[in-house]
Structure formats: C-alpha cells, structure tokens
Amino acid sequence: MIRLGSLATVSIVLAAIAASPALAIPGGHEAPVRFATFNASLNRFSEGQALADLSAPGNAQASAVAEIIQRTRPDVLLINEFDYEADEALAAAFQDNYLSVAQDPDLAPIDYPHVFVAPSNTGIPSGFDLDNDGAVGGPNDAFGFGFFPGQFGMAVLSRYRIDEEAVRTFQTFLWKDMPGALLPDDPSTPEPADWYSPEELEVFRLSSKSHWDVPIVIGRKTVHFLVSHPTPPVFDGPEDRNGTRNHDEIRFWADYIRPGRRSSYTYDDAGRRGGLEGGAVQRSGLRAGGRLPVPKLRSSPRLDRLGGRSRKPPDLLSAPPS
C-alpha cells in the first residue's frame, strides 16, 4: 500500500483566487479541478531505458507511481524526472501499461487523454567547460545536468483539453537576456559575474530543463499551467552557479506573469516576445533554497503555486474528483 504522503501534490495559494480553478456544472455548482506535481523519478541513466521499462506492465516503480496517481486522482498532472521521448512515447507507455490498469483492487484506472511533452535542456552538450574543471564534456557541461538529452524531463498529463497551438516553451531563452541576471561570479578573479565567459553566455540557456506555459481549457476558462523544474540550488561551489540559476529560473515566472515592461524581455522558442496576457495561472515544479532569497511571487493576484507546502490538509486530495 502506498501512502498519500509519497505524492508531492500539495499546493500553496499565493493570491486571492481559488486554490484550484473550478468548472461550472448543472445546478449552479462548481466542481474543483485538481492540479498536481509529482517528482516521480521515472528517469533512467541510459537513453531509452525508461521507455523499455514502461513498455510492458510489471515495473514495480512505475506501478507504485501509478497507484499514487490513481488514489489521489489529479485532473492535471506535471510529472518531473520523466525522460523525454519523442511522439509522447513514454507518456503513452505509462498510460497504457500502468495508469489504465488498476494498481489495487480498490482502485480504478485513470485516463489522461491530453498530453504535452517537449525537449529538455538536460544532457544537451554545450560544447563548453561550464563547470570550469578543465575538460569539456559530461553532465555538468550540458545546458542542464544530464547524461543524455532529455534525461530528467517533464510531462503534463491532463483530463482537460490542452490548447496546444497556444503553448509557449522557453527552452532556448538565454540567461544573459534577463535584465539584471544574477550571473555567478568567479571568486578567484576581481571581475564581477565572470564564472561564464562571454562566449559561453552567448549560448547559455536559463532553463535547466525548460519553461512551459501550457494553457488548459476548463469549460469556458483557460488556466495557464506554468511548469518548470529549476536546478537544485546546491551541488556547486562558492560561485553558487546553481543557486543563482535556480533564483533566476523562478524569477522568470515572477516576471512573466506581469504584463508590460516587467515581462517585455521574455521571448519563447518561436520568437514571440512578452509575458502572459490573460487567464488564471497555476504554477508548478518549483524548488528553491540555498544562499539566495526566493523571488517574490505573492504580489500577483493571478497566481496559484504548486509544489510547496500546503496550507490545507492532505485530505484535500483524498476524494475522487467526481
């Protein structure tokens, strides 16, 4: 039996809007819609191994993850640490062989007909010595830590339609293009913010995985699910390169949800500039800490945040959605 506490789906309400968006139903009532994020660790350390493991029933880890999801039954789910496979292949295997199969006699399968996945910066070689260890190559010199492209990726699974034409991804946004970027400093030199060379900054991407704005259509409403999985603010040195990157990965969303000048610097992978223009917002997949203060997000009346400690008890997620 898997305990509910194993699932990182608890949410923090950061503004004066509902903890979950609501869907109008006959009779004038509103049914809550649950958004969740789950660090499922369904990644593997060789390319294609996750797909091989999930392409048939019987993987104990995948069964445990599926059981947790079937018990909590979120309507929209971000899975982190889920290796990227083209054509949604890994998500399809997980759905067919695990989510669509009851993992306990008292459970029902759960179906997510709408899926969004996209490439991740993890494991993509940068061609530079980003950790300054004197050699080029390996997971620390990739645009995001990883042993192969797409390791530790993300997937959004939804019971509601994803407006795929309106999805925005920010995988290739350059860190240097953020005004006031908190670039790491090499403490052994007198120059400021010089851990990365000018040549490295010309290619260095802000997002350690990616940033996605995924619009979810819920009745007549559109909820923008803003998902990312910032690098942990540790595993570095006195230059704090992961801590500063973590800070600015979170700050990107803090700027993005503010229309006008504050978000005008942002541009997506299609070249469209500017931040979010309208709609309610759910934010997910954040983790912060280390030496730096967390960018302030609480001032926006448009934002819910997922992925932190909950101000509501765990039984918020214990009942089936309908």
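Just so you know, all these numbers are worked out from the coordinates, no wet-lab data involved. Fair warning: this is a prediction, and the values are worked out from it, not measured in the lab. Neighbour counts run over all protein chains shown; Cβ positions are idealised from the backbone, glycine included.
Assuming 0.36 nm per residue, please report the length gained on full extension of the stretch Arg273 to Ser46 beyond their Cα-Cα distance. Let's see the in-between values first.
Details: separation 227, 0.36 × 227 = 81.72 nm, distance 3.60 nm.
Taking 0.36 nm per residue and subtracting the Cα distance, the gain is 78.1 nm.
3J(HN,Hα) along the range 67-79: 4, 4, 5, 5, 6, 8, 6, x, 7, 10, 9, 9, 9 Hz, from the Karplus curve 6.51 cos²θ - 1.76 cosθ + 1.60 with θ = phi - 60°, whole Hz, x for Gly and Pro.
In this calculation the C-beta distance from Glu202 to Thr222 is compared with R0 = 30 Å, giving a FRET efficiency of 0.25. With K and R counted +1 and D and E -1, the other residues having a Cβ less than 9 Å from that of Asn121 yield a net charge of +2. Here the peptides 164-174, 67-77 are ranked by packing, the mean other Cβ count within 10 Å, and the order with the highest first is 67-77, 164-174. In order along the range 51-57, phi translates into HN-Hα couplings of 5, 5, 5, 9, 6, 8, x Hz, rounded to whole numbers, per the Karplus curve 6.51 cos²θ - 1.76 cosθ + 1.60 with θ = phi - 60° and x for Gly and Pro. When Phe148, Phe143, Phe94 are arranged by Cβ crowding within 10 Å, least crowded first, meaning fewest neighbours, the order is Phe148, Phe143, Phe94.
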